[in-house]
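Heads up: the structure comes next, in structure tokens.
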Amino acid sequence: MMWYFLISDAFTFSGFLIAYGALRFSMPTWPLPDHVFESIPFYGGKAPLIFVTFMTFVLIISSVTMVRAVQEGHRENRNGVVFWMILTIIGGATFLGCQAWEWTTLIVKENVKLTKNPFSQNMEDGVYLNEDGTVAMLDGKEETIKKGDSYLIHKHGEEFNLRKYRVTDGPDKGKVKQLSFGPKAFGALFFFITGFHGFHVFSGVLFLAIIAINAASGVYAARKNGYEMVEKIGLYWHFVDLVWVFVFLVFYLL
């Protein structure tokens, strides 16, 4: 039954990721991962993808500890099973905590919502303008924007600062425009797919805790092939880790 569940779940995740990829490459602009995912706890500077790489590392290590728990189950070593499963639970809980921090940062600090995406890319070269129409200056020089560069529309109070700029190149040279929000689909797909995966991790941590308690109390030792449950939850946990590798690739690297 576990294999049937995992196969059906694999098709579900595949459908979500394919849908994301189709939208991602059909849009003229899309938020660049290096610009969106550059925050890290307790560090004020920019560190693109470092935090999510740490999250991935933690999840992979938890998969290794799960392998060790299954091995100890085959040896019917109760203490070994419990020890390695506890480490796996810690790894899963750490990943969930990191994901909660990432979501909080995007929602509270960057103001990314299901239907609002303040991250986007410049489609043309230009210079920013002040409210009176004069060219904005930064460090004694004109504050410019370049085609292909990413930007974040900052929020002041209840309003977003949709800065104006004058196009300096191309067919629209000389025209005054303002920054526009990025594709709405980004926030909705990011929160839905990573949240769906996070739900799987959360469920896995709960199942791991239940099975670890049963193992510690000797429930499985009294049964023939009792530690088979450890192997089953191990399959589920490896699946969750494998899915995250593809989520990491699609959202954070493409």
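Rounded to the nearest 0.05, what FRET efficiency do Ala22 and Ile86 give with R0 = 45 Å and r taken as the Cβ-Cβ distance? Could you check? Walk me through the numbers before you get to the answer.
Details: r = 41 Å, r/R0 = 0.92.
E between Ala22 and Ile86, to the nearest 0.05, is 0.65.
For a quick check of your reading of the filter: which GluC sites (Glu not before Pro) in the range 92-183 sit in a DSSP loop and have no more than 16 other Cβ atoms within 10 Å? Let's see the in-between values first.
Numbers: sites: Glu102, Glu110, Glu124, Glu131, Glu142, Glu143, Glu158, Glu159; in loops: Glu110, Glu124, Glu131, Glu143, Glu158.
Hits after loop and neighbour filter: Glu131, Glu143, Glu158.
Applying the criteria of a DSSP loop state and at most 14 other Cβ atoms within 10 Å to the trypsin sites (Lys or Arg not before Pro) of the range 147-242 yields Lys147, Lys173, Lys175, Lys184, Arg223, Lys224. The longest part of the chain holding none of the exposed loop chymotrypsin sites (Phe, Trp or Tyr not before Pro), meaning those outside H, G, I, E and B in DSSP with at most 16 other Cβ atoms within 10 Å, is 43-180.
Under a 5 Å amide H cut-off, with hydrogens placed 1.01 Å from N, Glu143 pairs with Tyr128, Ala136, Met137, Leu138 among residues at least 5 apart or on other chains.
One chain, two ends: Glu76 and Glu131. Fully extended at 0.36 nm per residue, the span grows by 12.5 nm beyond their Cα-Cα distance.
Would the chain count as rounded, prolate or oblate if I go by the C-alpha gyration tensor, calling it rounded below 1.5 in a/c and otherwise prolate when a/b exceeds b/c, oblate otherwise? Cα axes put the chain in the prolate bin.
Subtracting the Cα-Cα distance of Glu231 and Val108 from 0.36 nm times their residue separation leaves 40.3 nm of extension gain. Spin-label model, Arg223 to His238: label points 7 Å out along the Cα-to-beta-carbon direction sit 2.0 nm apart.
Laboratory data are not the source of any read-out in this text; all were calculated from the coordinates shown. Remember, it's a predicted structure, so these values are computed and weren't measured experimentally. Neighbour counts run over all protein chains shown; Cβ positions are idealised from the backbone, glycine included.
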